[in-house]
Amino acid sequence: MTVVKSAVCPICGCLCDDLELTVKDNKIVKMKNGCAVCEAKMVHGYKEDRILKPMIRKDGKLVEVSMDEAVKKAAQILTNAKYPLLFGWECCTSEVQSIGVEMAEELGAALDNVCSICHGPSMMAMQEAGVPTATLGQIRHRADLIIYWGSNPWASHPRHVERYTAFPEGRFEESGWKSYLQKMQAEASKKKMNALVRRKDLDVDTAPPKTCKVVDAPPQILQKEGRKLIVIDPIKTMTAEAADYFIQVEPNRDYELMEAIRCLVNDQELDVETVAGVPVEYLREVVELMVGCNFGAIYYGLGLTASAGRFRNIELAIKLVADLNRKTKFVITPMRGHFNITGANVAFAWATGYPFAIDFSQGYPQFNPGEFTTIDLLKNGDNDATLVIGSDPGAHFPKPSMKKMTQHPLIVINPDMNCTSKLSDVLFPTQWCGLESEGTAYRMDGVPIRLRKAVEPPPGVPSDEEILRLILAEVRAIKAGTTTLPIKKRG
Amino acid sequence: MKMIGMGQKTQLTLITGRTIDQGVGKELGKSSQEYYDTAAVCFLDPVDMTKIGIKNGATVQVTSKFGSVTVKAKHFQRGCHVGLAFIPCGLWANAVCGDDTYSMGMPLFKGFPVEVEAAAGKPILTLDELLKEEYGKEVP
């Protein structure tokens, strides 16, 4: 039995690097320090539904084939296509992502990563307005006001609050854990009381439940010393419940609310009573807190990037942070979802100058979100073949987009049988990076961290780097006319 | 016993997003029972449930202009969300999400109108059934 210390979790953008994995007979049997999602993958999920042999869809069914046959078929599809799309990359190491750029250039393909359906709007906004940001370490030690806007880290980044923002004991800021526990105890008692009342109601009341109050006044706790946590979201999530103050914004009205906060930060008067469902008098108190803190941090999620306004929401949030920086210290960071989606942006931007939505059809890189972003390419019917690597658009793309993707040949490189693997025409098995192979990943704040290997991959299963290199070599061979396969010439 | 109101189609605003249970389910495997149990659900406010004429745990049909899906209705775990519906990210949420990006690449995942109605007796399709129905491909 061996213990792998300081292992890195290859799931979300937190890249927690303090895991302890106990390995027995080449299997992870125990995991320490990780979250529930991490345990689900590291101890159980990574062994399930593995793809062990390459497959090709023949007569409508996926059948096992040799690696050579799969590589040749994939290279053939990509070279025969007029405009292939290379998509995914969020669960690959940055070494693999850089091969993706090489392949896109060779093929004259579109190159996009999953950022285009999560924080693409953030990238666009950062190009417009810059980004005053900080590493997670700085925030852990110094921030005394944390704001999560349109983000529920309790579900998406379960250790974010505990490790980097409100709950850790920082060098200059105390942990907010105790006040959270007190709050939770009070909430639990309140819930019990409510449950009793409700049960009583069930017996006698036949009328529909009454509507409830949405936004409460800011509590006294916001006047306390030390770390404070505010959550702004349309839904009262677990993070919202844990927060010192929760502002329930009406859906799609974040822009208005943010603009109102900006006005108040800049000492302007608002002649309305509520904005986006939130009374202005409550907002005044929140703004006072924002301006009065020593170090504030805004973390935002898809609640801002995917709601009405999209990248304009982020641009405004960055402008708000710039305004706040005239009065105090404030930073903003996107809550990046997958463990190396930040790396995909970094690796693509190194080589092409652009973080996502890249087109190589003219022989040089072009960037145009709305045209070369995957959902738009599919909607407009521009591409005629797709390679998906380290991603599952089958589970996360809207149906109309996925339908378009499955109408053309679909090559998938993935360790397990996820939705996209099930829909593929050529399927390659690969290793789990960060578990069965090493590599570089970028944390959500842009800090590169080396992923560690804990177990050996199943016999004969190559890394995604090897598969991409094989396909790329075959593509070059086909283009040079040196392949052994009888194929149609491109164009 | 509490009377359940006459069922009616109700227009709500749908938000899709993450839940911790869906996160655990997806890491256990997309084909796992946990993923099905945690992603093929729609969270509703008790006020809206009464309007639709259903109880917690009933089957509902959610329809947008992009598609329709049958899922299990559940109460929001906390807070007040009258007028809102929430489906965790996943194949079932995708069935009603749209590919309008407003030229920004980001599809419609949050804050769009849907109609929710009771669908007693309708099956909640499993992952493989839904994939087959939506994309017409044989899945392993």
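Scanning the stretch B:82-120 for residues being within 25 Å of A:GLY277 (Cβ to Cβ) and among the hydroxyl-bearing types (Ser, Thr, Tyr) gives a total of 1. I'd like to verify a number: residues in the stretch B:72-91 that are more than 7 Å from chain A (Cβ to nearest Cβ) and over 14 Å from B:ILE15 (Cβ atoms), how many? Residues flagged as more than 7 Å from chain A (Cβ to nearest Cβ) and over 14 Å from B:ILE15 (Cβ atoms) within the stretch B:72-91 amount to 5. For the stretch A:34-68, the set of residues classified as of a type in the set (D, E, K, R) and touching a residue at least 40 places away in the same chain (Cβ under 8 Å) consists of A:GLU48, A:ASP49, A:ARG50, A:LYS53, A:ARG57, listed by residue number.
If you take the residues in the stretch A:209-265 that are polar (S, T, N, Q) and farther than 22 Å from A:ARG310 by Cα, which one is farthest from the other protein chains (Cβ to nearest Cβ)? If you could, list the steps in order and put the result at the bottom.
As a first pass, look at the stretch A:209-265 and keep what is polar (S, T, N, Q): A:211, A:220, A:223, A:237, A:239, A:248, A:252.
If we keep only those that are farther than 22 Å from A:ARG310 by Cα too, we end up with A:211, A:220, A:223, A:239.
Working: A:THR211: 5, A:GLN220: 21, A:GLN223: 24, A:THR239: 10 Å.
Among them, the one singled out is A:GLN223.
Just one residue in the set A:MET126, A:MET184 is among the aliphatic types (A, V, I, L, M) and either in a strand (DSSP E or B) or surrounded by 17 or more Cβ atoms within 10 Å (Cβ to Cβ) (or both); that residue is A:MET126.
Residues checked against (1) touching a helix residue (DSSP H, G or I) at 6+ places or on another chain (Cβ under 6 Å); (2) surrounded by 24 or more Cβ atoms within 10 Å (Cβ to Cβ):
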{"site": "A:LEU377", "(1), (2)": "no, yes"}
{"site": "A:GLY381", "(1), (2)": "no, no"}
{"site": "A:SER391", "(1), (2)": "yes, yes"}
{"site": "A:LEU427", "(1), (2)": "yes, yes"}
{"site": "A:ALA441", "(1), (2)": "yes, yes"}
{"site": "A:ILE449", "(1), (2)": "no, no"}
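When the stretch B:93-124 is limited to residues that are closer than 12 Å to B:SER68 by Cα and without any contact (Cβ under 8 Å) to a residue 60 or more places away in the chain, the one that is surrounded by the fewest Cβ atoms within 10 Å (Cβ to Cβ) turns out to be B:GLY98. Looking at A:LYS82, A:LYS30 in this structure, which one is out of contact with any helix residue (DSSP H, G or I) (no Cβ under 9 Å at 6 or more places or on another chain) and of a type in the set (D, E, K, R)? Answer to the selection: A:LYS82. Put simply, of A:LEU304, A:LEU324 the only residue that is touching a strand residue (DSSP E or B) at 6+ places or on another chain (Cβ under 8 Å), surrounded by 20 or more Cβ atoms within 10 Å (Cβ to Cβ) and within 12 Å of chain B (Cβ to nearest Cβ) is A:LEU304.
Residues to consider are A:CYS91, A:CYS118; find the one that is within 30 Å of B:TYR102 (Cβ to Cβ), in contact with a helix residue (DSSP H, G or I) (Cβ under 8 Å, 6 or more places away or on another chain) and touching a residue at least 40 places away in the same chain (Cβ under 8 Å). Talk me through it step by step, then tell me what you get.
Working: A:CYS91 fails: in contact with a helix residue (DSSP H, G or I) (Cβ under 8 Å, 6 or more places away or on another chain).
Just a single option satisfies the conditions, and that option is A:CYS118.
When the helices (runs of 4 or more DSSP H) confined to the stretch A:294-352 are screened for residues that are among the charged types (D, E, K, R), within 21 Å of A:ILE117 (Cα to Cα) and modelled with pLDDT of 95 or more, those reaching at least 1 such residues are found at A:311-324.
Can you tell me how many residues within the stretch B:74-89 are part of a strand (DSSP E or B) and in contact (Cβ under 8 Å) with a residue 40 or more places away in the chain?
5
Residues in the stretch A:24-43 that are over 19 Å from A:ARG443 (Cβ atoms), of a type in the set (A, V, I, L, M) and buried (at least 17 other Cβ atoms within 10 Å of the Cβ): A:ILE28, A:MET31, A:ALA40, A:VAL43. For first residues located in the stretch A:388-400 and within 9 Å of chain B (Cβ to nearest Cβ) and in contact (Cβ under 8 Å) with a residue 24 or more places away in the chain, partners that are among the polar types (S, T, N, Q) and not in a loop (DSSP other than H, G, I, E, B) and lie 6+ apart or on another chain with Cβ distances below 6 Å form the pairs A:ASP392/A:THR420; A:GLY394/A:THR420.
Within the stretch A:455-465, the set of residues being modelled with pLDDT under 95 and closer than 22 Å to A:ASP17 by Cα is empty. For the stretch A:352-359, the condition holds for no residue, the condition being that it is outside the structural domain of A:GLY394 (by TED's automatic domain parsing) and within 30 Å of A:GLY390 (Cα to Cα). Considering only residues in the stretch B:105-125 that are in a loop (DSSP other than H, G, I, E, B) and out of contact with any helix residue (DSSP H, G or I) (no Cβ under 6 Å at 6 or more places or on another chain), the one that is farthest from the other protein chains (Cβ to nearest Cβ) turns out to be B:GLY121.
Filtered by the rule that a residue be out of contact with any Leu (no Cβ under 7 Å at 6 or more places or on another chain), in contact (Cβ under 8 Å) with a residue 12 or more places away in the chain and more than 9 Å from chain B (Cβ to nearest Cβ), the stretch A:367-380 gives a lone residue, A:PHE367.
For A:LEU181, the conditions (1) modelled with pLDDT of 95 or more; (2) within 30 Å of A:GLY292 (Cβ to Cβ) are fulfilled apart from (1).
Which residue is farthest from the chain's Cα centre (by Cα), if the candidates are limited to the stretch A:5-52 and must be of a type in the set (Asp, Glu) and more than 11 Å from chain B (Cβ to nearest Cβ)? Give the derivation first.
Applying the first criterion (of a type in the set (Asp, Glu)) to the stretch A:5-52 yields A:17-18, A:20, A:25, A:39, A:48-49.
Now narrow it down to the ones that are more than 11 Å from chain B (Cβ to nearest Cβ): A:17-18, A:20, A:25.
Numbers: A:ASP17: 18, A:ASP18: 20, A:GLU20: 24, A:ASP25: 33 Å.
Checking each candidate, the answer is A:ASP25.
Take A:LEU423 and decide whether it is within 19 Å of A:LEU111 (Cβ to Cβ), assigned by TED's automatic domain parsing to the domain that holds A:LEU472 and buried (at least 23 other Cβ atoms within 10 Å of the Cβ). It would help to see each step written out before you state the result.
Numbers: within 19 Å of A:LEU111 (Cβ to Cβ): no; assigned by TED's automatic domain parsing to the domain that holds A:LEU472: yes; buried (at least 23 other Cβ atoms within 10 Å of the Cβ): yes.
Against the criterion (within 19 Å of A:LEU111 (Cβ to Cβ), assigned by TED's automatic domain parsing to the domain that holds A:LEU472 and buried (at least 23 other Cβ atoms within 10 Å of the Cβ)), A:LEU423 does not qualify.
Of all the criteria given as (1) in a loop (DSSP other than H, G, I, E, B); (2) closer than 22 Å to B:THR38 by Cβ; (3) within 9 Å of chain A (Cβ to nearest Cβ); (4) not hydrophobic (A, V, I, L, M, F, W, C), the one not satisfied by B:GLU134 is (1).
Of everything listed in (1) among the charged types (D, E, K, R); (2) without any contact (Cβ under 8 Å) to a residue 12 or more places away in the chain; (3) assigned to a helix (DSSP H, G or I), the single unmet condition for A:GLU241 is (2).
The values are calculated or read from the model by the stated rules, or taken from the named source; none is laboratory data. Please read all numbers here as calculations on a predicted model, not as lab measurements. Cβ sites come from the backbone with ideal geometry, for glycine too, and all protein chains shown count toward neighbours.
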